[in-house]
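Notes for the one structure printed next.
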Amino acid sequence: MNSHNTWQFKLLRSLLGWEAEGKFYALSNMIGDSENCILKLPKKQIRAAAMDVLALSSAEFERFINILTYECELLINLDGNITTEIIRDSLQLVMKEREEARKRKQKENETKQTKIFSI
């Protein structure tokens, strides 16, 4: 992967240093582990957990999120909740694959039922 060469990461490093890139990936992991891959920052306990994991004060965390969202365009802000384009795309792909697998399984079950009743 060559993401460190994108303009977004170059800008992030110029503003906050290499450590910020690592913190972004830690935050991305938290987003990926969240329900529907959306980190609900308005919830105090979720915000506090994210600040703790990233070792940032409230003011530092707010600045970090703003830089990631508005300067570097690495985060998507959904009414205070955050996600990323890559994570959203991956989630959509996984959901599509799950739906296709569910349909295949349903069709297999219907075929089995037809065979049982035709004997």
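When A48 is tested against (1) under 19 Å from the mean Cα position of the chain (by Cα); (2) closer than 27 Å to W7 by Cα; (3) not acidic (D, E), only condition (2) is not met.
Quick one: which of S3, S14, S28 is of a type in the set (S, T, Y) and within 13 Å of I67 (Cα to Cα)? The match here is S14. Report, by residue number, each residue of the stretch 29-78 that is surrounded by fewer than 16 Cβ atoms within 10 Å (Cβ to Cβ), in contact (Cβ under 8 Å) with a residue 12 or more places away in the chain and of a type in the set (D, E, K, R). Those that are surrounded by fewer than 16 Cβ atoms within 10 Å (Cβ to Cβ), in contact (Cβ under 8 Å) with a residue 12 or more places away in the chain and of a type in the set (D, E, K, R): E71, E73.
Go through R63, R88, R104 for me and flag whichever is touching a helix residue (DSSP H, G or I) at 6+ places or on another chain (Cβ under 8 Å) and either at pLDDT 80 or above or not in a loop (DSSP other than H, G, I, E, B) (or both).
R88 is the lone residue from the list that is touching a helix residue (DSSP H, G or I) at 6+ places or on another chain (Cβ under 8 Å) and either at pLDDT 80 or above or not in a loop (DSSP other than H, G, I, E, B) (or both).
The residues in the stretch 1-13 that are surrounded by 11 or more Cβ atoms within 10 Å (Cβ to Cβ) and without any contact (Cβ under 8 Å) to a residue 40 or more places away in the chain can be counted, and the count is 5.
Answer with yes or no whether S3 is modelled with pLDDT under 95 and either aromatic (F, W, Y) or out of contact with any strand residue (DSSP E or B) (no Cβ under 9 Å at 6 or more places or on another chain) (or both).
On the way: modelled with pLDDT under 95: yes; either aromatic (F, W, Y) or out of contact with any strand residue (DSSP E or B) (no Cβ under 9 Å at 6 or more places or on another chain) (or both): yes.
Here the answer is yes, as S3 does meet what is asked.
Mind telling me which of the residues L27, L68, L56 ends up being modelled with pLDDT of 90 or more, in a loop (DSSP other than H, G, I, E, B) and not basic (K, R)? Among L27, L68, L56, only L56 is modelled with pLDDT of 90 or more, in a loop (DSSP other than H, G, I, E, B) and not basic (K, R).
The values are calculated or read from the model by the stated rules, or taken from the named source; none is laboratory data. Here the structure is a predicted model, which is why all the values come from computation and not from measurement. We place every Cβ from the backbone using ideal geometry, glycine too, and count neighbours over all the protein chains shown.
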